[in-house]
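Beneath this line is the structure, given in structure tokens, with notes to follow.
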Amino acid sequence: MTSQPASWHPPRALVFCWLGLMTLLAITVALAYVPLGTANTVVALAIATIKALLIAATFMELRERSGMMIAFAGAGFFWLAIMLWLAFADYVTRPDFPPPG
Amino acid sequence: MPEAQPAFQYVDLEQQHGTAQLGMWVFLGTEVLFFGGLILAYSVYRYAHPEAFAEATRHTRIAIGTINTAILLTSSFLVAWAVTLAPRRLARATARLLGAAAVLGCVFLALKGVEYWLEFQDHLWPGAHFVFPGSDAQAASLFFAFYFVATGLHAVHVAIGIVVLSVIEVKARRGNYSERYHAPVTIAGLYWHFVDLVWVVLFALIYLPGRAG
């Protein structure tokens, strides 16, 4: 960045992030009413993930942080992903392995 | 105002600031797993009862949910903005932005309260007086149990965030923060953004499913 904006103005990245988040909110609500079958869930979760990443990268300033800080920030989500994965490995495959008797 | 000094175990304030941020992320990691347990329970029950969950989610008030999402996203923007002003000694502007974000947090809670009140009127509180017009009232009551626990815990986090932002606002107004010392503003901001992030996920799980059916 070569030129600083007037002292109290918000940085451009924050304004674009906020506008992006509001646009994504409008899109996700509109798409929720379009019949897409199971894709509705995929779209809703994908947009929620993009919004969460925008918040983490820009509002929480992770894009300016070191790899170690990002690793700490991602750790909780990493373990949560393992918990969801193992739990669903059980529930999704249960019908294939009925209890004996 | 005397210049802030680092605590004895730190080389300088910059190192102290970095450590404070790292500590906040560790705390937020525990919060991810705290809300993660609830989301796992939701996912398992939604997988088991997809139709009942779609019917139940249709009974949530998406207009209030959407407005509340916009309110939290905007308050997060104001806090992120305040975090950039605090190191530049713009004390009054920093305090005003934090105050505005706290007010938006209060509006969020007020709207949430209206929503709860309407749901009590509709007998959607799980228990003896639960009334659901759909085919599988028992599975629907599982959704509403998740709904009230998850949004209730989130509301507690919002309330704590409002108190934290207000305290930092007062300190900012007093001119406590400078280029060298502004870690509390950053840390409070991280907490508020996390509460926003949790809501973004809850919004997708609570309000959006079952609308197209």
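Every number here is computed from the coordinates shown, using simple stated rules; none is lab data. None of these values were measured; they are calculated from a predicted model. When we count neighbours, we look across all protein chains shown, and the Cβ atoms used for this are built from the backbone with ideal geometry, even at glycine.
Relative to its Kirkwood radius, the Cα radius of gyration of segment B:43-165 gives an Rg/Rh of 1.12.
Backbone geometry of segment B:206-213 corresponds, through the Karplus equation with coefficients 6.51, -1.76 and 1.60 at θ = phi - 60°, to 3J(HN,Hα) couplings of 9, 9, 7, x, x, 7, 7, x Hz, x marking Gly and Pro. Rank B:VAL107, B:VAL11, B:VAL198 by mean-square fluctuation in a GNM of chain B with C-alpha springs under 10 angstrom and give only the top-ranked residue. Checking each option, the largest mean-square fluctuation is seen for B:VAL11. Averaging the sequence gap over all C-alpha pairs within less than 8 Å and six or more residues apart, then dividing by the number of residues, gives segment B:43-171 a relative contact order of 34 percent. Between B:ALA7 and B:ARG89, the modelled label-to-label distance comes to 2.7 nm, taking each label 7 Å out from Cα in the direction of the beta carbon. What the Cα convex hull of the protein assembly as shown gives, in volume per residue, is 167 Å³. The residues B:VAL158, B:VAL167, when put in order of fewest to most other Cβ atoms within 10 Å, stand as B:VAL167, B:VAL158. Once the Cα-Cα distance is subtracted from the 0.36 nm per residue extended length, the B:GLN138 to B:SER43 segment shows a gain of 32.6 nm.
Rounded to the nearest 20 debye, the dipole size of the protein assembly as shown about its Cα centre is 860 debye, using +1 on the Cβ of Lys and Arg and -1 on the Cβ of Asp and Glu.
Calculate the FRET efficiency for A:ILE50 and B:VAL149 from the Cβ-Cβ distance with a Förster distance of 30 Å, rounded to the nearest 0.05.
Values: r = 26 Å, r/R0 = 0.88.
That gives a FRET efficiency of 0.70.
With both labels modelled 7 Å from their Cα along Cα-to-Cβ, the B:ARG173 to B:VAL107 distance reads 2.0 nm.
Here the simple spin-label model places points 7 Å from the Cα toward Cβ, and for B:ASP122 and B:ILE160 these points are separated by 2.9 nm. 3J(HN,Hα) along segment A:78-91: 4, 5, 4, 4, 5, 4, 5, 4, 5, 5, 6, 4, 6, 5 Hz, from the Karplus curve 6.51 cos²θ - 1.76 cosθ + 1.60 with θ = phi - 60°, whole Hz, x for Gly and Pro.
A Gaussian network model of chain B, with springs between Cα atoms under 10 Å, assigns the largest mean-square fluctuation among B:HIS59, B:HIS129, B:HIS49 to B:HIS129.
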